[in-house]
1. About the Cα centre, and with charges only on the beta carbon of Lys, Arg (+1) and Asp, Glu (-1), how big is the dipole of segment 143-293? Nearest 20 debye, please.
2. Could you tell me how far the Cα centroid of segment 29-91 sits from the Cα centroid of segment 209-224, in Å?
3. When the dipole is taken about the Cα centre of segment 38-136, and only Lys, Arg (+1) and Asp, Glu (-1) are charged at their Cβ, what size is it in debye, to the nearest 20?
4. Using the Cβ atoms and a cut-off under 12 Å, what net charge is assigned to the surroundings of V188, where Lys and Arg are +1 and Asp and Glu are -1?
5. Binning at 5 Å from 0, report for segment 156-283 what percent of all alpha-carbon pair distances ends up in each bin.
6. Near the amide H of G285, under 5 Å away, which other amide H atoms are found, from residues 5 or more places off or on another chain, if H is placed in the peptide plane?
7. Please compute the modelled spin-label separation between A271 and D228, points set 7 Å along Cα→Cβ, answer in nm with one decimal.
8. Looking at the chain, identify the longest residue range that excludes and avoids all trypsin sites (Lys or Arg not before Pro) in DSSP loops having at most 13 other Cβ atoms within 10 Å.
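The values are calculated or read from the model by the stated rules, or taken from the named source; none is laboratory data. Fair warning: this is a prediction, and the values are worked out from it, not measured in the lab. Cβ atoms come from the backbone with ideal geometry, glycine included; neighbour counts cover every protein chain shown. The area values use the complete protein model at the heavy-atom level, side chains included, leaving out ligands, DNA and RNA. Shrake-Rupley method; radii C 1.70, N 1.55, O 1.52, S 1.80 Å.
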Amino acid sequence: MVTVRAPATSANLGSGFDVFGAALSRPADVVTVEKAAETTIEVTGVGAQYIPEDPEKNTVGAVVEALDAPARIHIDKGVRPASGLGSSAASAAGAAVALNRLYDRGLSRKELVPIAAEGEAVVSGVAHADNVAPSILGGFTVTTAEGTSSVDAAIPLVVCLPDVAVSTRDARRVVPESASMEDLVATVGNAATLAIGMCRSDPALVGAGMSDPVVTPERARLITGYDDVRERAFDAGATGVTVSGAGPAVIAACRERDRRDVAAAMLDAFAGAGVEARAYQTRIGRGTTFLDG
Ligand SMILES: Nc1ncnc2c1ncn2[C@@H]1O[C@H](COP(=O)(O)OP(=O)(O)OP(=O)(O)O)[C@@H](O)[C@H]1O
Ligand SMILES: N[C@@H](CCO)C(=O)O
């Protein structure tokens with residue numbers, strides 16, 4: 001038997017649509033796998049009632065197939081589904097790391113990224129790896145068709161999760177099909193600023209680099225109260241605020257000393273918009289870890 005803790009993640013970070021990702025120190029899924037002749041999946045925890053246990057429909061089923069590793073699998077969800085916090089990816093990432101060890105497949109963490117990404121295709125129609133990469137590798141990740149690069153970074157974060165669901169599949173429908181040259185230049189500048197900020201663990205640069213004139217404004221419309229939440233977070237000291245993944249979670253970068261105030265301000269703004277929410281005071285963290293030695 002192998003048990004792992006696979007962290008939530010935030011993809012895009014504004015300017016890095018479908019490229020940037022970050023592992024969060026909390027929340028996380030716990031995935032346990034045991035060899036079996038046929039694969040079975042049991043799901044407990046946050047939002048378990050919305051997650052299919054059929055291996056054809058659960059993200060871990062595709063991982064089992066890709067690794068040819070049938071197992072009895074238990075997923076204890078800490079990451080709510082349809083959250084923008086890489087819920088479907090956390091389970092797939094955890095299963096990939098755990099099954100690789102259970103069956104002694106000998107694949108490296110980087111080799112496991114495209115395998116876990118197959119799980120994402122099951123739910124969103126696209127095998128995007130910008131959530132599974134940080135959930136497996138940890139830190140800040142840059143994923144392209146050529147592979148993933150990662151760097152550890154010490155950046156305090158708040159993710160505020162409203163009590164509504166937005167599916168990645170729906171949120172991909174509002175992504176514009178083209179962008180102007182002006183927006184392209186701005187986005188490249190912001191993304192480069194964010195990447196330097198991560199390398200220096202500088203919350204000011206990371207926050208400044210989260211600005212995105214192309215995808216985020218369209219996605220923000222799907223989140224009731226977004227503009228107020230963003231403004232209040234900045235007033236409380238956030239250095240940058242954007243939609244986490246496909247939403248509805250909103251992520252803010254900040255300095256350690258401001259994190260509590262930023263979390264309170266975001267919760268208050270959602271409440272003002274009539275939306276219940278939960279705030280996680282978190283930071284960029286480690287990738288999937290073994291819980292059983
Ligand atoms: N193991 C799993 N964990 C969570 N959701 C799963 C799992 N397997 C299948 N699903 C389905 O995936 C959907 C949630 O995935 P989706 O990509 O929409 O949200 P997310 O992973 O929280 O968001 P994001 O990718 O934007 O961070 C739900 O419909 C859920 O039933
Ligand atoms: N990059 C993907 C991540 C989904 O979590 C998207 O924004 O659609």
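1. Computed charge dipole of segment 143-293: roughly 300 debye.
2. If we compute the Cα centre of each part, the gap is 30 Å.
3. Dipole size: approximately 340 debye.
4. Cβ neighbours under 12 Å give a net charge of -3.
5. Taking all Cα pairs of segment 156-283, the binned fractions are 2, 12, 21, 22, 21, 14, 7, 1 percent.
6. Amide H neighbours of G285, under 5 Å, 5+ apart: A23, L24, S25, G139.
7. Each label point lies 7 Å from its Cα, and together they span 1.2 nm.
8. So the longest stretch without any such site is 58-172.
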